[in-house]
Amino acid sequence: MRAMGVPFAGALDKLGPVEIEPPAVGAGQVAVRVIAAALNPADTKVMSGELAGRALHGRSKPLVTGYDFSGIVEARGDGVTDLTDGAEVFGFLAYASKNKQGSFAERIAIDRAAVARKPPAISHATAAASATPGLTALQSFRDKARLKSGGRVLVIGAAGGVGSVAIGVARALGAHVTGVCSTYAVELVRELGADDVVDRRERDPRSLTGPFDAVLDAAAAYSYASTRHMLAPDGAYVTTLPSAGWIGGKLMTLASKRHCHLVVVKSVAADLELLAGWMAGDAKLRVPIDATFPIRDLAKAIDRFAKGELRGRIAIDVDGGWNVERAQTYVWDRDGLFVGGLFDHPKVDGTPEFMYHLGGELAHGTLYTGPDGDVIFAGNWESEVRLYRITGWGTPSAPWLRQSGSVTPPRRTDPPR
């Protein structure tokens, strides 16, 4: 199947299309056709070979990352009975070395317990963009800070991927929200629902006095030590990245009622369902998207991310982003018998859904463009996977698939008889 990846960790400059095996679906898992994904800082850390990325993804070759996704269930493993094929779901893959293949691919396999149904009114891009930041914020406020309704929250990095969604999550939990951002995003942060907005270029956020029940440092820009004075007596500072400042903060809180936490987000179906309800319901949780790139332009998406000054997430169109020209073509034999056809086929290597009819059997395979522009068929033939070059027409008793030659078969575009 098609994917976008690098040959190995550390080769980000070689990012491009790759062919990988479709993932196997185990017990308790679902196979999902990925419609949309979203870019995360973890993607570049892993692909560029950074030390911080080694624990976030398995070291497969080629290396295909991508965590957030939204898509359609295509198959279910043993024990999965509450979802049907065709169900629209969203979530994110584990930020862990056990994750061997990411969502920058046509299909993924994931535990049923890590996905939730996508609300019909929410687009796949929005659902994918909501997953990691929405649960990061929820698990930070609810589980780490034990935020209660009526509490006061400070979100640092309120225009970024996590921070922009955290505003709405905090409000859905009944909190008063103060957002910290740069000048370019002040209006956006206010529109997202922040009660107060601090332009960090106009005022040092560390000069705030609070008191705040929770400080979510979504940008990992500060530390417990530099923000503890603004915390309520039993307030909590939560960061999204491990650091020396986080370790120091943990030590400082040993003799204090205040708390210093690192949030390690997990994809939990019940939390995703809560998030989905907020997006589709009265809470009207907004998930801002800075830009959407087709999967073929993943490198451009990474460049946009690196430039900064983001206004939300960067979404990736996976299902429709392979730079394909779609058409329908049918093939007949010399006697006018319908032999096979291409359905919704991209004119690129890895064309899916080629139906062929030989010896009374109907099956599926894959077409590839050969080195000389000829058409190669890869499919199941007599219980073996073989490659055949399409050479011309024939009949079911004289197949038009041959292992030699380079003639492209004639094609007609009117419906089959």
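None of the figures in this text is laboratory data; all of them are computed from the coordinates on show. Computed from a predicted model, the values in this text were never measured in an experiment. Glycine gets a Cβ as well: all are built from the backbone with ideal geometry, and neighbour counts include every protein chain shown.
Assign one of three labels to the stretch 192-244, namely rounded, prolate or oblate, based on the Cα gyration tensor with a ≥ b ≥ c the square roots of its eigenvalues; rounded applies when a/c is under 1.5, prolate when it is not and a/b is larger than b/c, and oblate otherwise. Mind showing how you got there, number by number?
Details: a/c = 1.44, a/b = 1.20, b/c = 1.20.
Cα axes put the stretch 192-244 in the rounded bin.
Is the stretch 1-141 rounded, prolate or oblate when judged by the Cα gyration tensor, a ≥ b ≥ c being the square roots of its eigenvalues, rounded requiring a/c under 1.5 and prolate requiring a/b larger than b/c?
Values: a/c = 1.76, a/b = 1.37, b/c = 1.28.
Prolate, since a/c reaches 1.5 and a/b exceeds b/c.
How far, in nm, would the chain grow between Glu309 and His176 when pulled straight, counting 0.36 nm per residue and subtracting the alpha carbon separation? Working shown, then result.
Numbers: separation 133, 0.36 × 133 = 47.88 nm, distance 2.47 nm.
That works out to 45.4 nm of additional length.
Can you run phi through the Karplus equation (6.51, -1.76, 1.60; θ = phi - 60°) for the stretch 36-47 and list ³J(HN,Hα) in whole Hz, with x for Gly and Pro?
These are the phi-based 3J(HN,Hα) values: 9, 9, 8, 8, 10, x, 4, 4, 6, 4, 6, 5 Hz.
On a full-extension model of 0.36 nm per residue, what is the gain between Ser256 and Asp13, subtracting their alpha-carbon distance, rounded to one decimal in nm?
Values: separation 243, 0.36 × 243 = 87.48 nm, distance 4.71 nm.
This chain segment gains 82.8 nm when fully extended.
Treat every Asp and Glu Cβ in the stretch 71-137 as -1 and every Lys and Arg Cβ as +1, leave all other atoms uncharged, and give the resulting dipole magnitude about the Cα centre to the nearest 20 debye. Could the numbers behind the result be given before it?
On the way: 7 positive and 7 negative charges, 41 e Å.
With Lys and Arg at +1 and Asp and Glu at -1, about 200 debye.
Say a paramagnetic label sat at a point 7 Å from the Cα of Lys98, along Cα to Cβ; which residues of the stretch 243-257 have their backbone N under 17 Å from it?
No residue passes the distance filter.
Determine the sum of side-chain charges near Leu173: Lys and Arg each +1, Asp and Glu each -1, restricted to other residues whose C-beta is under 9 angstrom from that of Leu173. Don't jump to the answer; show the numbers that get you there.
Numbers: positive: Arg142, Lys148, Arg171; negative: none.
Neighbourhood net charge equals +3.
Counting only other residues whose beta carbon sits under 15 Å from that of Ser223, what net charge do I get with K and R as +1, D and E as -1? Kindly include the intermediate steps, with their values, before the conclusion.
Numbers: positive: Arg206, Arg228, Lys250, Arg258; negative: Asp204, Asp217.
Neighbourhood net charge equals +2.
Report, in listed order, any pair from Lys98/Lys284; Lys100/Lys284; Lys148/Lys257; Lys98/Lys144; Lys14/Lys118; Lys148/Lys250 with a Cα-Cα distance greater than 27 Å.
Numbers: Lys98/Lys284 35 Å; Lys100/Lys284 35 Å; Lys148/Lys257 17 Å; Lys98/Lys144 25 Å; Lys14/Lys118 34 Å; Lys148/Lys250 22 Å.
Result: Lys98/Lys284; Lys100/Lys284; Lys14/Lys118 exceed 27 Å.
Which value in Å is the Kirkwood Rh of the stretch 58-164 over different Cα pairs? Provide the component values of the computation, followed by the final result.
Numbers: mean 1/r = 0.0641 Å⁻¹.
Kirkwood hydrodynamic radius for the stretch 58-164: 15.6 Å.
Roughly how many nanometres apart are two label points built 7 Å out from the Cα toward the Cβ at Tyr184 and Asp204?
The two pseudo-label positions are separated by 2.5 nm.
P(r) for the stretch 122-226, please, calculated from all Cα pair distances in 10 Å bins and given in %.
Computed distribution, short to long bins: 16, 51, 29, 3, 0.
Which net charge results when you count Lys and Arg as +1 and Asp and Glu as -1 among the other residues whose beta-carbon is under 13 Å from that of Leu310?
With Lys, Arg at +1 and Asp, Glu at -1, the neighbours total +1.
Simple spin-label model, 7 Å along Cα-to-Cβ: Thr81 to Ala270 in nm?
With each label placed 7 Å out from Cα toward Cβ, I get 2.1 nm.
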